[in-house]
Amino acid sequence: MEPDYLQQYKDYYRVRAERFANNTNYKFSYEAESNLSNAMHSCNELIEFKDKIGNLNEICANALIKDEHIMEKAFYEKHKEEIRVLAADRILENLDDCTNTEELTTLVIEEMNKNSLEISMDEYQREFQGDWGQLDEIEIYENAVVPGNYKGEMQSVVEEVQKSIIEGNESTENEARKFQPDYVMKPELNKEHRHRRLIPYADEHLDEQLEKYKSLIKR
Amino acid sequence: MPIDEFILGPMITPYENMIKDVDSRSISNEHTEEMKNLFKRMQELGQEHSDISEFTGICMQEDLFGKFGILYGQAITPQPTEGSADPADYDDAALLKQTVSALKQSIDQIRQSKEAALKEASKDPKENLANEAAFARRFAAQHGIDSQGIDIEKAQSANIDKQIAKNPNAYNNSAEIEVLDNSEDLIKPIQDLIDLGEQEGMTFPDYLRIQIEKGLDKAMEGSVSTRKGLEYSLNWAKASMTSPFHIEKCQKHLDVFDKLASEQKFGVPNWKQLKWATNDVDYEFEPGMGKWAEITSRWESILDDIHDWSLAYCSHAGYVDPWKDIAVSRKPKAIQKSKDILPGIIKQKERLLLKYFGISFQDIFTHETFNWAIETNSIYHSKEFIEFLKEKVYQTCVPLQHMPDELIAERERLSKEDREVNPKLTEPAERTKKFYDSKFGEGRFVSKFGEITPVESNAAPWN
């Protein structure tokens with residue numbers, strides 16, 4: 001006996017929609033999948049689905065991407081990741097314009113690649129965090145009480161460390177400019193939460209180090 | 001000057017392989033044509049630039065890698081046929097067969113990947129060396145660098161032989177690949193789907209429905225191997241005991257996995273929800289881990305300096321670190337310098353530890369990071385030596401002053417009687433070895449990394 005394909009597809013689309021039932025993270029998918037399932041269930045013959053499906057499948061794909069990027073956006077907003085959230089922001093802003101999965105895939109991949117570059121550029125600014133120890137070294141050698149005959153050597157160490165910081169910044173800036181020609185180091189950005197959370201020092205100490213750093217690298 | 005093939009190759013070969021892949025599948029369309037144009041552009045840039053990061057920068061600005069990936073996806077994606085076919089053309093058996101055969105192909109690919117990984121893991125280290133040396137010779141010739149008759153390949157080759165004689169598996173990672181390989185965990189749920197598809201009388205819509213109902217589609221996402229990976233990380237964290245945060249973080253990853261799994265009908269967590277939940281855990285622990293490492297490194301540096309300062313006064317100072325490798329003619333001056341400047345430097349480091357974290361010198365010894373170092377035996381010095389530094393040496397470590405004679409005698413005695421070092425200093429390495437062998441096979445640690453050098457210390461243990 002020939003299988004009842006119509007009933008089998010009705011069962012399949014029903015189960016497909018039920019996957020997202022009662023999951024608040026997937027409410028758009030649930031709605032889109034339910035619409036697709038309803039379209040199938042309204043068919044009396046399989047051939048009717050050819051017209052009734054319309055773009056419901058594409059809407060399901062968009063809904064899934066929407067749900068997933070809403071989760072992503074919520075995560076990055078919660079952690080004040082102002083740069084990492086940009087991919088989700090732009091995808092959510094533009095995905096309703098996608099009319100097929102090819103456009104949707106292109107949108108997602110392009111935005112992810114773009115964002116990956118934005119993140120790299122932003123995290124180059126953490127050079128300051130890596131240089132914190134060197135700023136301390138300058139402070140240590142400038143203030144250490146030592147016999148007078150070592151003063152010159154102590155000052156040489158200070159100058160060497162200063163030079164190392166300046167050259168390190170120039171090198172990082174030049175490296176970043178290969179990817180973004182107008183790139184400029186902005187150590188002040190380390191006060192923003194996404195960088196700040198990784199700095200285990202009090203605000204007053206951060207301000208103090210930033211002042212010293214900015215005057216040293218002239219940025 | 002173009003970028004050397006040795007450097008450029010690994011960067012652009014994956015894209016060349018994607019072109020070979022579409023060609024081998026006889027796929028030819030507008031997307032594959034554009035892929036070839038982009039690859040040509042990458043090759044041109046490789047010829048025009050001599051710096052690999054400059055090359056990468058331009059590729060990124062032109063989004064060559066991103067565009068290529070999209071085109072490849074578009075080129076190999078078959079057009080959807082499911083559900084919308086005219087019943088007259090509807091071929092249920094063909095749809096099912098097509099899906100099952102794609103799954104079979106994916107199993108083949110997983111097995112091939114494992115074979116490739118095993119081959120790489122047991123590759124002759126001299127093969128890599130020959131390629132690296134050939135590149136070094138080309139680089140030297142291009143930049144007019146005189147190798148001064150030194151044959152790096154020959155010297156390194158002898159080192160490899162020496163190391164393999166000592167640690168036979170130093171360059172072989174096949175046992176590790178075998179154990180960490182997750183291919184069977186990935187294959188099992190795929191095979192379950194194939195078996196379902198090949199059941200007598202199975203139709204395509206039933207196949208699609210049943211895999212959802214039984215959770216087979218979710219299992220195929222690799223949840224079994226993910227959980228095993230999380231367990232592995234937790235056990236590593238427990239063996240290395242870097243900080244309590246590291247262990248707690250890994251434990252919480254596992255807890256999050258189990259919680260999300262328990263909320264699902266088939267015990268398989270939703271992939272995206274798992275990703276954000278474990279990332280949440282990372283964000284929670286990252287600041288604490290950083291602070292812990294910073295505090296530890298600061299007090300270690302202070303104790304090391306006090307150690308060096310007191311050592312500088314000993315008669316054997318010139319024969320040990322940090323002065324033993326200094327030329328004999330400059331050695332007395334270097335040792336004198338340590339005696340003269342270290343108290344001033346130590347005071348500044350102390351001041352910064354207090355300023356940043358509110359931890360005074362005496363507070364170090366009751367701080368949780370210090371207690372952890374004792375508990376895990378990751379502290380280098382013995383208890384009696386630390387007490388000597390803390391109670392006696394530190395009191396005399398004052399800028400512009402020197403260590404009193406009676407302390408010098410005691411300091412020398414501690415060195416000569418081998419009581420400076422923590423007698424259980426090898427415990428962290430032993431923990432790692434135990435874990436490593438339990439995971440990769442008895443004796444594997446030594447065969448790769450060599451025997452753990454025992455500590456020569458007559459001091460009493462910390463605990």
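The values are calculated or read from the model by the stated rules, or taken from the named source; none is laboratory data. The structure presented is a predicted model; accordingly, all values stated were derived computationally and were not measured. Every residue, glycine among them, receives a Cβ derived from its backbone with ideal geometry; neighbour counts consider all protein chains shown. To get the accessible areas, we keep the full protein, side chains included, count just its heavy atoms, and leave off ligands, DNA and RNA. Shrake-Rupley method; radii C 1.70, N 1.55, O 1.52, S 1.80 Å.
The criterion of at least 1 residues that are within 34 Å of the chain's Cα centre (by Cα) is met, among helices (runs of 4 or more DSSP H) falling completely within region A:1-59, by A:5-18, A:27-41. Just one of (1) over 24 Å from A:A21 (Cα atoms); (2) part of a helix (DSSP H, G or I); (3) not β-branched (V, I, T) fails for B:L208. It is (1).
Checked against the criterion of being away from chain B (no Cβ under 11 Å), in a helix (DSSP H, G or I), over 26 Å from B:E294 (Cα atoms) and in contact (Cβ under 8 Å) with a residue 24 or more places away in the chain, region A:70-87 contains one or more residues that satisfy it. Restricted to region B:344-390, the set of helices (runs of 4 or more DSSP H) holding at least 1 residues that are closer than 25 Å to B:N463 by Cβ, within 14 Å of another protein chain (Cβ to nearest Cβ) and in contact (Cβ under 8 Å) with a residue 40 or more places away in the chain comprises B:368-375.
Sort through B:D86, B:D92 and tell me the only one that's modelled with pLDDT of 75 or more and either charged (D, E, K, R) or open to solvent by less than 40 Å² (accessible area, probe 1.4 Å) (or both). Don't jump to the end; show me each part of the working.
Numbers: B:D86 fails: modelled with pLDDT of 75 or more.
When all the criteria are applied, what remains is B:D92.
Note on region A:145-219: enclosed helices (runs of 4 or more DSSP H) holding 1 or more residues that are in contact with a Pro (Cβ under 8 Å, 6 or more places away or on another chain), among the aliphatic types (A, V, I, L, M) and more than 30 Å from B:Q336 (Cβ to Cβ) are A:203-217.
Check B:K228 against each of (1) open to solvent by 50 Å² or more (accessible area, probe 1.4 Å); (2) in contact (Cβ under 8 Å) with a residue 40 or more places away in the chain; (3) within 14 Å of chain A (Cβ to nearest Cβ); (4) basic (K, R) and name the one condition it does not meet. Unmet for B:K228, out of (1) open to solvent by 50 Å² or more (accessible area, probe 1.4 Å); (2) in contact (Cβ under 8 Å) with a residue 40 or more places away in the chain; (3) within 14 Å of chain A (Cβ to nearest Cβ); (4) basic (K, R): (3). Whether any residue in region A:121-133 is farther than 20 Å from B:S53 by Cβ, touching a residue at least 40 places away in the same chain (Cβ under 8 Å), facing chain B (nearest Cβ under 10 Å) and open to solvent by 20 Å² or more (accessible area, probe 1.4 Å) is what I want to check. Yes, the conditions are met somewhere in region A:121-133.
Here B:R209 meets each of (1) among the charged types (D, E, K, R); (2) away from chain A (no Cβ under 14 Å); (3) surrounded by 13 or more Cβ atoms within 10 Å (Cβ to Cβ) with one exception, condition (2).
Report, by residue number, each residue of region A:182-215 that is free of Cβ contacts under 8 Å to residues at least 60 places away in the same chain and more than 11 Å from every other protein chain (Cβ to nearest Cβ). Passing the criteria: A:D182, A:V184, A:E188, A:K191, A:D203, A:D207, A:E211, A:K214, A:S215. Among the residues of region B:257-265, at least one is within 13 Å of chain A (Cβ to nearest Cβ) and open to solvent by less than 30 Å² (accessible area, probe 1.4 Å). Suppose we keep only residues that are closer than 30 Å to A:Y13 by Cβ and open to solvent by less than 70 Å² (accessible area, probe 1.4 Å) within region B:161-190. Which one would you say is farthest from the other protein chains (Cβ to nearest Cβ)? Looking at the filtered set, the residue picked out is B:I187.
Any residue at all in region B:54-73 that is more than 9 Å from chain A (Cβ to nearest Cβ), closer than 23 Å to A:L36 by Cβ and modelled with pLDDT of 85 or more? Before the answer, list the steps.
Within region B:54-73, the subset more than 9 Å from chain A (Cβ to nearest Cβ) is B:59, B:62, B:64, B:68, B:71-72.
Now drop any that are not closer than 23 Å to A:L36 by Cβ, which leaves none.
Checking region B:54-73: not a single residue is more than 9 Å from chain A (Cβ to nearest Cβ), closer than 23 Å to A:L36 by Cβ and modelled with pLDDT of 85 or more.
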